[in-house]
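The values are calculated or read from the model by the stated rules, or taken from the named source; none is laboratory data. On a predicted model such as this, the values are computed, not experimentally measured, just so you know. Here the Cβ is made from the backbone with ideal geometry for all residues, glycine too, and neighbour counts use every protein chain on show.
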Amino acid sequence: MPKRILQGTVVSDKGDKTVVVNVERIFTHPLLKKTVRRSSRFHAHDDDNQFKAGDLVRIQECAPKSKLKRWEVIGAGSKG
């Protein structure tokens with residue numbers, strides 16, 4: 001099964017080798033037909049501590065690395 005890849009913004013880089021990534025999704029509500037924003041925060045493994053708060057990154061599913069970390073950073077994201 002392919003691993004999911006998401007793009008989001010780093011909101012915290014305080015943990016060692018860990019970043020917290022906020023992923024926002026936009027969809028149309030099925031009944032109200034209004035555009036809705038929903039966001040989720042994921043703890044991701046950043047082995048080199050290279051990403052800082054505010055960076056746009058791509059994360060990929062991985063095997064559990066700790067209690068909360070089930071994602072790993074695979075690189076910088078792209079605008080657009």
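If you go through the range 23-39 and keep only what is farther than 17 Å from residue 60 by Cα and of a type in the set (A, V, I, L, M, F, W, C), you end up with 26, 27, 31, 32, 36.
Residues in the range 50-80 that are in a loop (DSSP other than H, G, I, E, B), modelled with pLDDT of 95 or more and either within 12 Å of the chain's Cα centre (by Cα) or within 15 Å of residue 14 (Cα to Cα) (or both): 50, 51, 52, 53, 54, 55, 68, 69, 70.
Reported count of residues in the range 24-49, each being among the basic types (Lys, Arg) and part of a strand (DSSP E or B), is 4. For the range 6-22, a tally of residues being loosely packed, with under 13 Cβ neighbours inside 10 Å and under 19 Å from residue 62 (Cα atoms) returns 1.
Applying the condition of being closer than 27 Å to residue 76 by Cβ and among the basic types (Lys, Arg) to the range 23-37 and asking which residue is surrounded by the fewest Cβ atoms within 10 Å (Cβ to Cβ) yields 37.
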